[in-house]
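Engineer: Okay, handing you the structure first.
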């Protein structure tokens, strides 16, 4: 894979992260009452209140990931900055989310809802560091355009 192909691949993945994060919240608020009665709400009394505290942070995540995607796609220097911000936001939110689930025993029993959360947590905790390392190690190439 060439440098340009890898840059565009990372840009696409960042763009997908932004879009899927926004889609998560559209889905969440589209059937708000269902969320209040969801599997996690039944399993953990504080889950629904806790989950409602994330939209602003996830909006920030989606915005910086989208800007990173655009910046990398267009080979702009500011794409590095937003990639670092997006990677960091992914790590932070992934850690907060995973710790809440671990502390409240929400990873078991295994079901579709748990699987979706595991995918989100693994993505955040794997893709976040990857994006940071990618942007930092290739900053000279990215700055050169």
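Engineer: Return only the number of the condition from (1) more than 16 Å from residue 14 (Cβ to Cβ); (2) outside any helix (DSSP H, G or I); (3) in contact (Cβ under 8 Å) with a residue 24 or more places away in the chain that residue 75 does not satisfy.
Structural biologist: It fails just one condition, (1).
Engineer: Please verify whether residue 25 is in contact (Cβ under 8 Å) with a residue 24 or more places away in the chain, under 20 Å from the mean Cα position of the chain (by Cα), surrounded by fewer than 17 Cβ atoms within 10 Å (Cβ to Cβ) and farther than 30 Å from residue 140 by Cβ, treating the condition exactly as stated.
Structural biologist: For residue 25, the condition - in contact (Cβ under 8 Å) with a residue 24 or more places away in the chain, under 20 Å from the mean Cα position of the chain (by Cα), surrounded by fewer than 17 Cβ atoms within 10 Å (Cβ to Cβ) and farther than 30 Å from residue 140 by Cβ - is met.
Table: residues versus (1) closer than 16 Å to residue 93 by Cα; (2) modelled with pLDDT under 95; (3) touching a strand residue (DSSP E or B) at 6+ places or on another chain (Cβ under 8 Å).
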residue	(1), (2), (3)
9	no, no, no
16	no, no, no
33	no, yes, no
56	yes, no, no
63	yes, no, no
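Engineer: Select from the range 28-53 the residues that are without any contact (Cβ under 8 Å) to a residue 40 or more places away in the chain and in a loop (DSSP other than H, G, I, E, B) and list them in ascending order. First the steps, then the outcome.
Structural biologist: Step one: of the range 28-53, the residues without any contact (Cβ under 8 Å) to a residue 40 or more places away in the chain are 28-37, 41-42, 45, 48-49, 51-53.
Across the range 28-53, the qualifying residues are 31, 37, 45, 52, 53.
Engineer: Being buried (at least 17 other Cβ atoms within 10 Å of the Cβ), in a helix (DSSP H, G or I), out of contact with any strand residue (DSSP E or B) (no Cβ under 6 Å at 6 or more places or on another chain) and in contact (Cβ under 8 Å) with a residue 60 or more places away in the chain is true for just one of 89, 68. Which residue is that?
Structural biologist: Every option except 68 fails the conditions.
Engineer: Please specify each residue of the range 1-15 satisfying the condition of being out of contact with any helix residue (DSSP H, G or I) (no Cβ under 8 Å at 6 or more places or on another chain), part of a helix (DSSP H, G or I) and surrounded by fewer than 13 Cβ atoms within 10 Å (Cβ to Cβ).
Structural biologist: Within the range 1-15, 4, 5 qualify.
Engineer: In a helix (DSSP H, G or I), in contact (Cβ under 8 Å) with a residue 60 or more places away in the chain and either in contact with a helix residue (DSSP H, G or I) (Cβ under 9 Å, 6 or more places away or on another chain) or more than 14 Å from residue 142 (Cβ to Cβ) (or both), is that true of residue 80?
Structural biologist: Yes: the conditions hold for residue 80.
Engineer: Given the conditions (1) over 17 Å from residue 19 (Cβ atoms); (2) modelled with pLDDT of 95 or more; (3) surrounded by 13 or more Cβ atoms within 10 Å (Cβ to Cβ), report the number of the one that residue 46 does not fulfil.
Structural biologist: It fails just one condition, (3).
Engineer: Residues of the range 51-71 being under 17 Å from the mean Cα position of the chain (by Cα) and over 12 Å from residue 18 (Cβ atoms), which ones?
Structural biologist: Answer for the range 51-71, where residues must be under 17 Å from the mean Cα position of the chain (by Cα) and over 12 Å from residue 18 (Cβ atoms): 51, 52, 53, 54, 55, 56, 57.
Engineer: Working only within the range 96-119, note down all residues that are assigned to a helix (DSSP H, G or I) and in contact with a helix residue (DSSP H, G or I) (Cβ under 7 Å, 6 or more places away or on another chain).
Structural biologist: Start the filter on the range 96-119 by keeping residues that are assigned to a helix (DSSP H, G or I), which leaves 96-103, 112-119.
Answer for the range 96-119, where residues must be assigned to a helix (DSSP H, G or I) and in contact with a helix residue (DSSP H, G or I) (Cβ under 7 Å, 6 or more places away or on another chain): 97, 98, 100, 101, 113, 117.
Engineer: What number of residues within the range 118-142 are surrounded by fewer than 17 Cβ atoms within 10 Å (Cβ to Cβ), more than 13 Å from residue 92 (Cα to Cα) and either under 19 Å from the mean Cα position of the chain (by Cα) or in contact (Cβ under 8 Å) with a residue 40 or more places away in the chain (or both)?
Structural biologist: Adding up the residues that qualify gives 7.
The values are calculated or read from the model by the stated rules, or taken from the named source; none is laboratory data. Please read these numbers as outputs of a predicted model, since none were measured by experiment. Every residue, glycine among them, receives a Cβ derived from its backbone with ideal geometry; neighbour counts consider all protein chains shown.
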